[in-house]
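Working notes, structure below.
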Amino acid sequence: MTEYNKVEWKEAGMPACGPGEVVIKVAYASICGTDQHIFKGEFHPRTRTPMIMGHEFAGEIYETGEGVKGFEKGEKVAPDPIIWCGKCPACRRGHYPACTNLKLIGIDSDGGFAQYITLPASMLYRLPPEVPLEHAALVEILSIGFHAKNRAGVNPGDVVLIWGSGKVGLSILQAVRTVTDQAVFMVDILEERLSVGPKYYEHIIPVNASEEDPVARILDETGGNGVDIAFEAVGHAKHIDNVVNPVRGCIQSIRGGGKVCVLGLGGEPSPVLFRELIWKEGSLVTSRVSHGEFSETIENLGKGTLRPEALISRVVPASGTQDAFRILENHPGDNIKIVLDFS
Ligand SMILES: [Zn+2]
Ligand SMILES: [Zn+2]
C-alpha cells in the first residue's frame, strides 16, 4: 500500500533470514475486514504508508535460518500473526488475546501480501500436505471461530444462534459444527450471506432480520425455550425498526442459564437491559482473536471436517489486490472472503 486507498504491485527486495527465522514463500493470502479498515486509513497512526499489509496467509518454507529445528524447505505453513508482549498482567496469566501491547504482523509491521516474508519460526504452524494452500490461508479466520467456540464452551447437543453471517459468523459455524449437530440459527440482513450456511450444512435456520423479528422466530422454533449459546458477530449496530440490537437480541434468545459470546468490534454502544440477562442468570463472555486454536483448526482441516470453501467467494491474482478491495467495499453481500494468489 503506497498510500491509503492505493495498492501497487512493486519490487520490495528479498527479505533476509536471521537466526531462528524462516523465509516463507507465500502462496495465498486472504483479505480481512481489518485490512479493509487499514486500506481506508482507519488504523492511522498505528499503520503508516508505505506498508505491506496481510496477516492471513499461508505458503511453503523457502529458507530456514541458523538454529531453526523442525522445519524443512517445502513444508506448508501458516503463521499465527499475533505478537504478545509476555509482560503485561494479562500475558503473565497466560491470557494472551487480552495483551495490552498486542501487535499483529501486517498491521504493526510488514505482512504477508508479498511473495516472500521472514518470520520467527516460533510463529509458524505446520500443515498436513493434503491441505490445499488456498484453504491454509483461512486458518487465521477459522481459528477465530474456534476460539469463540471454546470461549463459549459449546457442548454436544447444544442449539446455537449466530447473529451475523459474515466471515466471522461463518467461521464460528464451522467450529460449532465440529461439536454439535443440533439446530444453528444464522441471523443477517443480506440474503446472499444467509444462503451460505444451508448450502454446506444440515439443520441451519437462516433468519433475515430485515424481514422478521429474529428473537420471536428463535423462541417460536425452540418451543419458547431459547438457544443454549448465542454468538454476536455483527460488530456494527445498524438500526432496524422493531428489531433489538444484536447483543440484546442474543440475550433475549438464550435459555435460562444460557451463554452469550460477543465478538463484534463495533464503535457504538449497544444498549442492553441487564435484567433480561440476570433473570436467566445467563453468562456474558467475549472473544478476541485466538489463542492456541491454530492447532485445533489445522487438525480439523486435515481431517476434512471443515468447509473452508464456504468462506472463499473468489480467488484473484495478487496483482488485482486494488480491485479486490473495491469489490469488497461495493459488494459485501456476495463477497465473504477474497483470496489473493501470490503463486
Ligand atoms: Zn484478520
Ligand atoms: Zn502482554
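General observations
- Residue count, region 88-99 (criterion: in a loop (DSSP other than H, G, I, E, B) and near ligand 2 (Cβ under 6 Å from one of its atoms)): 2
- Any hit, region 45-64, residues being within 16 Å of ligand 2 (Cβ to nearest atom) and among the aliphatic types (A, V, I, L, M): no
- Residues located in region 86-131, provided they are within 15 Å of ligand 1 (Cβ to nearest atom) and among the aromatic types (Phe, Trp, Tyr): Phe113
- If you go through region 29-74 and keep only what is outside any loop (DSSP other than H, G, I, E, B), under 28 Å from Gly166 (Cβ atoms) and either within 14 Å of ligand 1 (Cβ to nearest atom) or out of contact with any helix residue (DSSP H, G or I) (no Cβ under 8 Å at 6 or more places or on another chain) (or both), you end up with Ala29, Ser30, Gly33, Thr34, Asp35, Gln36, His37, Ile38, Phe39, Phe57, Ala58.
- Pairs, first among the charged types (D, E, K, R) in region 15-37, second within 16 Å of ligand 1 (Cβ to nearest atom) and at pLDDT 95 or above, C-beta under 6 Å, six or more apart: Asp35/Met53
- Yes/no for Lys69 being within 16 Å of ligand 2 (Cβ to nearest atom) and at pLDDT below 95: no
- So Ile117, is it free of Cβ contacts under 8 Å to residues at least 40 places away in the same chain and assigned to a strand (DSSP E or B): no
- Highlighted here are the strands (runs of 3 or more DSSP E) found entirely within region 126-227 that include at least 3 residues which are buried (at least 24 other Cβ atoms within 10 Å of the Cβ) and without any contact (Cβ under 8 Å) to a residue 40 or more places away in the chain: 184-188.
- Residue within region 269-281 that is open to solvent by less than 50 Å² (accessible area, probe 1.4 Å), assigned to a helix (DSSP H, G or I) and closer than 30 Å to Val77 by Cβ present: no
The values are calculated or read from the model by the stated rules, or taken from the named source; none is laboratory data. These numbers come from a predicted model, not from an experiment. All Cβ positions, even for glycine, are placed from backbone atoms using ideal geometry, and neighbour counts span all protein chains on display. What goes into the accessible areas is simple: the full protein's heavy atoms, side chains included, and nothing from ligands, DNA or RNA. Shrake-Rupley method; radii C 1.70, N 1.55, O 1.52, S 1.80 Å.
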